[in-house]
Amino acid sequence: MANTTIFSKIIAGEIPTEFVYQDDFCVCIRDIAPQAPTHLLIVPKKPISTLANAGAEDQALLGHLLLKAGDIARQLGVGDAFRLVINNGAGAGQTVFHLHIHLLANKKFTEGNLGM
Ligand code: AMP
C-alpha cells in the first residue's frame, strides 16, 4: 500500500488511539511525545506525504484542516494563544510522512520563537 505510516494505521483503527476529534476528512489525536502541555496533531485521512506533495485538488482539504484547528483550539479553551506547525521534509524535522498539523498550546511562547 502506498505511504503506509503510523498515522494511516491509527486512522484505520489498527492502533487503538483516542480521537480528540474526527470527521469524514481528518482526525485529531494527542501527540505521543508532547512538546507543550497541549500538543495535538490534526491529520487528514487522505495520506498526503508532505505539504509540498499536496496538489490543487487538496485545496478544500487543506482549508478544512486549518478551520478545524481553530475550532479545536476554541473547544479546548486555549483562547487565541496557540501555535500551528507543519514540518515539511526530513530536513525540517518531519518524521512521519503523512501530512499533519501540530497544534501547541498552554505554554509560554517566546515572541519570535518559531520552535515547537
Ligand atoms: P513530525 O516530526 O512533524 O513528523 O511529527 C510527528 C509527530 O508524531 C511527533 O511529534 C511524534 O511524537 C508523533 N507521533 C509519533 N507516533 C505517534 C503515535 N503513535 N501517536 C501519537 N503521536 C505520535
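The values are calculated or read from the model by the stated rules, or taken from the named source; none is laboratory data. Given the structure is predicted, the values throughout are model-derived calculations rather than measurements. Don't worry about glycine lacking a Cβ; one is built from the backbone with ideal geometry, like all the others, and counts go over all protein chains shown. What goes into the accessible areas is simple: the full protein's heavy atoms, side chains included, and nothing from ligands, DNA or RNA. Shrake-Rupley method; radii C 1.70, N 1.55, O 1.52, S 1.80 Å.
Okay, here's what the table says:
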quantity: Residue check, H98 within 15 Å of the ligand (Cβ to nearest atom), under 15 Å from the mean Cα position of the chain (by Cα) and either assigned to a strand (DSSP E or B) or surrounded by fewer than 16 Cβ atoms within 10 Å (Cβ to Cβ) (or both); calculated: no
quantity: Residue check, P16 at pLDDT below 95 and within 13 Å of the ligand (Cβ to nearest atom); calculated: yes
quantity: Subset of the range 75-95 [outside any helix (DSSP H, G or I), open to solvent by 40 Å² or more (accessible area, probe 1.4 Å) and closer than 17 Å to Y21 by Cβ]; calculated: G77, F82, L84
quantity: Exclusive hit being at pLDDT 95 or above, in a helix (DSSP H, G or I), within 14 Å of the ligand (Cβ to nearest atom) and open to solvent by less than 50 Å² (accessible area, probe 1.4 Å), set I29, I72, I42, I10; calculated: I10
quantity: Long-range neighbours under 7 Å by Cβ, at least six apart or interchain, first residue in contact (Cβ under 8 Å) with a residue 60 or more places away in the chain within the range 35-64, second among the polar types (S, T, N, Q); calculated: A36/N106; P37/N106; T38/N106
quantity: Residue tally, condition open to solvent by 70 Å² or more (accessible area, probe 1.4 Å) and either within 20 Å of P37 (Cα to Cα) or in contact with a Leu (Cβ under 9 Å, 6 or more places away or on another chain) (or both), over the range 52-69; calculated: 2
quantity: Test: residue in the range 64-84 that is β-branched (V, I, T), touching a His at 6+ places or on another chain (Cβ under 9 Å) and within 12 Å of L41 (Cα to Cα); calculated: no
